[in-house]
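**Student:** Let me begin by handing over the structure; questions about it come next.
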Number of protein chains: 2
Amino acid sequence: MLNLHSLSEQTLLPGTKGLALHAPLKQSDIGAQHWNLLRGDTSFPVAVLKSSALQHNLAWMKKFCEQSGIVLAPHGKTTMSPQLFDMQLRNGAWGMTLANVNQMSIAHRYGVKKILLANQLVSPADIRVALHLMLSDPAFTFFALVDSVAGAQRLSQAVRDSGLQRPLPLLIELGLPGGRTGCRSIADALALARAVSGDPYLQLAGIEGYEGLLPGKDIPIVRQFISELIELTRQADAEHLFGTEEIILSAGGSAYFDLVGRQFSKNAGLSRPILPILRSGCYVTHDHAHYQKAIQDMQLREPGMKDGLHPALEVWSMVQSLPEPGLAILTMGKRDASYDMDLPVPLSSHRPGDTTSPRALPPGCKIEKMNDQHAYLRLPPDSETSLKLAVGDLISCGISHPCTTFDKWPLLLIVNDAYDIESAVNTLF
Amino acid sequence: MLNLHSLSEQTLLPGTKGLALHAPLKQSDIGAQHWNLLRGDTSFPVAVLKSSALQHNLAWMKKFCEQSGIVLAPHGKTTMSPQLFDMQLRNGAWGMTLANVNQMSIAHRYGVKKILLANQLVSPADIRVALHLMLSDPAFTFFALVDSVAGAQRLSQAVRDSGLQRPLPLLIELGLPGGRTGCRSIADALALARAVSGDPYLQLAGIEGYEGLLPGKDIPIVRQFISELIELTRQADAEHLFGTEEIILSAGGSAYFDLVGRQFSKNAGLSRPILPILRSGCYVTHDHAHYQKAIQDMQLREPGMKDGLHPALEVWSMVQSLPEPGLAILTMGKRDASYDMDLPVPLSSHRPGDTTSPRALPPGCKIEKMNDQHAYLRLPPDSETSLKLAVGDLISCGISHPCTTFDKWPLLLIVNDAYDIESAVNTLF
């Protein structure tokens, strides 16, 4: 992928989070250091991605999409990592989904040519940057969302002012009362579709919705919402409003993509082919709490979905103090691991230098609080004798919600199953 | 300050958060663009620091310290911004406080020579990096905390192995039952002080505590804790355990520094001078919620403290959708503003191009939720007619807890009171 080389050739300076550097180091030389996390060769905290789990997840999702007859535009905002974007595109992704124009500029810098911008695009300065990408690179296309005539008019005016010689492709966003963005009814969405279709500077390219935040997260509501997306698509097609050869029909966060896949793939009988696009972002690393539960629920709905996603992302820290019985203070905090959906999930302990594998922590061990740079690991009363934690022991934690852990790490280390540090990936937030 | 020039000379690429760049731009050329936030020249969201408030806070805290007879080692983890470190040092700071060795490496790279490392230092790889800084730069010193004999022994062994020809100066950390790190009693702390004092590779330099997290945040408990720090200092001095010419006595987050200042400054009668060090970090930008309340409480305790700190940090975003009555969806989310103590505080609205000043939002406007990249601004029913918000309007928000907003922005823009963009500061997380 374009420019990935420039990342691996960059010089990492002392102070790089996760590493214990005395002197500058070229990023591509990380593997040659033969560091091992369990030996304590990194700084702590450190965020690692398990290579085997990453590869499993990439292959699993590729197979899921093939079997469901849908394509994937993984949400890049989750990781904002060009190397992970590259792995996703090599594993068949149609393009990337992104959340704003700056994220889109970064993806474009690393060679991403098709972007679903899963947001309303309203800021004039940001619109100019986005249109400049299309003007300067004829091979580049992005599809933005629109949910109001006011929004469509802003875009139309900007395309006219820019001199772009192709119309800007848009997806009508359908929402639900009480939800986030999106037209609140099929009638409103159709009216907007007509406005977009009749504008020479815009092109109606498809229909979009996001089922991940529906109130109550209720399965019948999710199914009903997906049905409405399909119904809107049918009605807009019946009025010949789409201006593209394929009609994009997009939904799908990381929690209900089975339902999206199942309903989108049954769709047919329109005037032109449907391109069903799923936008899951968290599947690539998965997690140990929120999305683990979502995939378990999915497997109950779809018993054929064997061997689900594997959690790839762990944050390791060190016991820095054992100030009173039942409490260990760890060198990890709100700057290092997600805390918006659940606090980190303590997994195992390890004494650096021990040749044994990390030991699973007993049930009841819990991160009960985090400050900016500290975590409070509460140990159940009966576990202390068996655990015999000491200052300097390592603790691994799984996380809940990958998006809010990735944005805390400019660099994440890739490890094999023995926690040898093999390489690193960058994030650009 | 060393190397600051390298930051201003760096090239910012399209995709840099907060800016709407078509092409690379040298950071020092930002002012010459004559951008104005209210005209919509930046990307949205954008984080800005109001120059007048920054300057006020720097001067205010300098005066407070001078009047209290204490020195300031501002906690650099709040901002991790070399340019702000520089402003703090130019305004009389004794040195910087930092939370871990990687933060310390970054501060050292920008010329900080005295660091209070307000944490236990336990990871061997991190200790080696820290000692390497002392070995390679004789002018550099850091003071680490210690709260256990096990921790002191790890440090002693590391100093011996490193070949460092000066002892490592340590502060004994005193804590409280139910608190975070720190010895749980004066007796334990004294025993540890004796062990450090008797170790040829270590040097007892002072006593430290952190009152900011005391259970219940109860003023008598804070006063009692500060008294215990002083009492521990007296007892250790009576046993001649300190190995430095001055005895460091350090406490003070951003909420109770008046109490610390008042009690520390009354201290006398020891065998050698006390160097009372305050470690507040949030004062430099202050905020619109958590620390605003803390300073209001402080002014009730100290009526002489007129004209307190001013909030300098704002995050501006744009209305991207008005999907139903009473709800505006903003282009700002958990990636852009703190949400750990309070959600952002909506302050004002502005229509780009209007020549008037931003209009204060009416009472009852509230950010009720944030997703990764969206905020939900709830408008009170009676305000909609007067507000007449439109897609594309700007909304300014104050934040609560500067630390967890700074770490979301590699670059923050410095603005004057008219929101002209004058320059930028970097953060290095």
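The values are calculated or read from the model by the stated rules, or taken from the named source; none is laboratory data. Being a predicted model, the structure only gives us computed values, none of them experimental. Using ideal geometry, Cβ is built from the backbone for each residue, glycine included, and neighbour counts are taken over all protein chains shown. When the accessible area is computed, the model is the full protein with side chains, heavy atoms only, and any ligands, DNA or RNA have been set aside. Shrake-Rupley method; radii C 1.70, N 1.55, O 1.52, S 1.80 Å.
**Student:** Going 7 Å from Cα along the Cα-Cβ axis for the label, what nanometre distances separate residue A:418 from the same residue across the other copies?
**Tutor:** Label-point distances to the other copies, shortest first: 6.6 nm.
**Student:** Given contacts defined as C-alpha pairs under 8 Å and at least six residues apart, what's the relative contact order of chain A, whole-number percent?
**Tutor:** 20
**Student:** Among all helices in chain A defined by DSSP H, which have a length of 15 Å or more along the axis from Cα atoms plus a Kyte-Doolittle mean of at least 0.5?
**Tutor:** Length and hydropathy pass: A:124-136, A:186-197.
**Student:** With the label 7 angstrom out along Cα to Cβ, how close does residue A:33 come to the same site in each of the other copies, in nm, nearest first?
**Tutor:** Nearest first, the other copies' label points are 3.4 nm away.
**Student:** How big is the convex hull of the Cα atoms of the stretch B:215-259, per residue, in Å³?
**Tutor:** So the per-residue Cα hull volume is 85 Å³.
**Student:** Is there a quick way to get the dipole size of the stretch A:113-280? I mean about its Cα centre, with the Cβ of Lys and Arg at +1 and of Asp and Glu at -1; what is the value in debye to the nearest 20?
**Tutor:** 180
**Student:** Something else now. Other chains' Cβ within 10 Å of B:370-376 residues: what's the mean?
**Tutor:** 5
**Student:** Take every residue in peptide B:126-136, count the Cβ atoms of other chains within 10 Å of its Cβ, and give the average of those counts.
**Tutor:** Average neighbour count from other chains, rounded to a whole number: 3.
**Student:** Could I ask something else about it? Treating the beta-carbon of each Lys and Arg as +1 and of each Asp and Glu as -1, no other charges, what is the dipole magnitude of the protein assembly as shown about its Cα centre, to the nearest 20 debye?
**Tutor:** Numbers: 74 positive and 82 negative charges, 68 e Å.
My answer is approximately 320 debye.
**Student:** Per residue, what accessible area does the stretch B:159-269 have, given a 1.4 Å probe and all protein chains present, in Å²?
**Tutor:** In whole numbers, the stretch B:159-269 has 38 Å² accessible per residue.
**Student:** Using the 2.2 N^0.38 Å rule of thumb for compact globular proteins, work out how the stretch A:124-188 stacks up: its C-alpha Rg over that value, please.
**Tutor:** Against the empirical 2.2 N^0.38 Å value, I get 1.24 for the stretch A:124-188.
**Student:** Of all the accessible heavy-atom surface of the protein assembly as shown, with the other protein chains kept in place and a 1.4 Å probe, what percent is carbon and sulfur?
**Tutor:** C and S fraction of accessible area: 52 percent.
**Student:** Using a Förster radius of 56 Å, what is the FRET efficiency between residue B:223 and residue A:307 based on their Cβ-Cβ separation? Nearest 0.05, please.
**Tutor:** It comes out at approximately 0.40.
**Student:** Taking Cα pairs under 8 Å and at least six residues apart, what relative contact order does the stretch A:154-210 come out at, in percent?
**Tutor:** Reported as a whole number, the value is 42 percent.
**Student:** Once you have the alpha carbon radius of gyration of the stretch B:113-280, what is it after dividing by 2.2 N^0.38 Å, with N set to its residue count?
**Tutor:** Relative to the rule-of-thumb radius for its length, the stretch B:113-280 sits at 0.99.
**Student:** Once the label point is placed 7 Å from Cα along Cβ, list for residue B:307 the distances to the corresponding points in the other copies, in nm, shortest first.
**Tutor:** Spelled out, the distances from residue B:307's label point are 7.0 nm.
**Student:** With each pseudo-label sitting 7 Å past Cα toward Cβ, what's the residue A:149-residue B:55 distance in nm, one decimal?
**Tutor:** Each label point is offset 7 Å from its Cα along the Cβ direction, giving 4.9 nm.
**Student:** Looking only at chain B, where both bridge partners belong to it, what percent of the DSSP beta bridges are antiparallel (to the nearest 5)? List each step's numbers first, then the result.
**Tutor:** Working: 35 of 68 bridges.
The answer is about 50 percent antiparallel.
**Student:** How many angstrom lie between the C-alpha centres of the stretch B:57-107 and the stretch B:359-407?
**Tutor:** Spelled out, the Cα-based centre of one part sits 31 Å from the other.
**Student:** With each pseudo-label sitting 7 Å past Cα toward Cβ, what's the residue B:341-residue A:187 distance in nm, one decimal?
**Tutor:** It is 4.8 nm.
**Student:** Treating the Cα atoms of the stretch A:17-82 as identical point scatterers in vacuum, please give the log10 of the normalised Debye intensity I(q)/I(0) at q = 0.12, 0.24 Å⁻¹, two decimals.
**Tutor:** With no solvent term, the Cα-only Debye profile gives -0.51, -1.15.
**Student:** Sum up the charges of everything whose Cβ sits under 12 Å from the Cβ of residue B:281, counting Lys and Arg as +1 and Asp and Glu as -1, but leave residue B:281 out.
**Tutor:** That sum, taken over residues with Cβ under 12 Å, equals 0.
**Student:** For residue B:423 and residue A:386, what does the FRET efficiency come to when R0 = 56 Å and r is the distance between their Cβ atoms, rounded to the nearest 0.05? Walk me through the numbers on the way to the answer.
**Tutor:** Numbers: r = 57 Å, r/R0 = 1.01.
Taking R0 as 56 Å, the efficiency between residue B:423 and residue A:386 is 0.50.
**Student:** Pick out, in residue order, every one of the trypsin sites (Lys or Arg not before Pro) in the stretch B:372-419 that is DSSP loop and has at most 11 other C-beta atoms within 10 Å; say none if there are none.
**Tutor:** Listed in order of number, the matching sites are B:388.
**Student:** Here's a follow-up. Taking the Cβ-Cβ separation of residue B:137 and residue A:62 as r and a Förster radius of 45 Å, what is the calculated FRET efficiency to the nearest 0.05?
**Tutor:** For R0 = 45 Å, the calculated efficiency reads 0.30.
**Student:** Leaving out ligands, DNA and RNA, calculate the buried accessible area for the pair B and A with a 1.4 Å probe, summed over both sides, in Å² to the nearest 100.
**Tutor:** What B and A bury together is about 5500 Å².
**Student:** What's the Cα-based Rg to Rh of the stretch B:81-212, Rh via Kirkwood? Write out the running numbers ahead of the final one.
**Tutor:** Working: Rg = 14.7 Å, Rh = 15.1 Å.
On the Cα set of the stretch B:81-212, Rg over Rh gives 0.97.
**Student:** While we're looking at this one, here's another question. Percentage of Cα-Cα pair distances in the protein assembly as shown greater than 53 Å, rounded to whole percent? Write out the running numbers ahead of the final one.
**Tutor:** Values: 52988 of 367653 pairs.
Tail fraction, whole percent: 14.
**Student:** Can you give me the convex hull volume of the Cα atoms of chain B, divided per residue and expressed in Å³?
**Tutor:** 148
**Student:** Is it possible to state the helix-based mean residue ellipticity at 222 nm for chain B, with each DSSP H run of 4+ residues giving -39500 (n - 2.57), the sum divided by total residues, to the nearest 500 deg cm²/dmol? What is it? All intermediate terms of the calculation are to be shown ahead of the outcome.
**Tutor:** Numbers: 12 runs with 129 residues, N = 429.
Using -39500 (n - 2.57) per qualifying helix, the result is -9000 deg cm²/dmol.
**Student:** Any idea how far apart residue B:245 and residue B:166 come out in nm if each label point goes 7 Å out from Cα toward Cβ?
**Tutor:** Placing both labels 7 Å beyond Cα along the Cβ direction yields 1.2 nm.
**Student:** Another question, if that's okay. Say the dipole of the protein assembly as shown comes from +1 at the beta carbon of Lys and Arg and -1 at that of Asp and Glu; which of B:82, A:98, B:291 then lies farthest toward its positive end?
**Tutor:** Of B:82, A:98, B:291, it is B:82.
**Student:** What are the residues whose amide H is under 5 Å from the amide H of residue B:143, where those residues sit 5 or more places off or on another chain and H is modelled from the backbone?
**Tutor:** B:115, B:116, B:117
**Student:** In the stretch A:262-352, which trypsin sites (Lys or Arg not before Pro) fall in coil by DSSP and have 10 or fewer other Cβ atoms within 10 Å? List each step's numbers first, then the result.
**Tutor:** Details: sites: A:262, A:266, A:279, A:293, A:301, A:306, A:334, A:335; in loops: A:266, A:279, A:306, A:334, A:335.
Sparse-neighbourhood loop trypsin sites (Lys or Arg not before Pro): A:266, A:306.
**Student:** Separate question: Put +1 on the Cβ of each Lys and Arg and -1 on the Cβ of each Asp and Glu in the stretch A:113-280; which of A:220, A:168, A:178 then has its Cα farthest toward the positive end of the dipole?
**Tutor:** About the Cα centre, the residue reaching furthest to the positive side is A:168.
**Student:** Going through the cross-link list A:366/B:17; A:293/A:366; A:17/A:369; A:62/B:17; A:306/A:369; A:408/B:17, which pairs have a Cα-Cα distance over 26 Å in this structure?
**Tutor:** Among A:366/B:17; A:293/A:366; A:17/A:369; A:62/B:17; A:306/A:369; A:408/B:17, the Cα-Cα distance tops 26 Å for A:366/B:17; A:62/B:17; A:306/A:369.
**Student:** What residues in the stretch B:316-337 lose 30 Å² or more of accessible surface when the other protein chains are added to their chain alone (1.4 Å probe)?
**Tutor:** B:318, B:320, B:321, B:323, B:324, B:334, B:335
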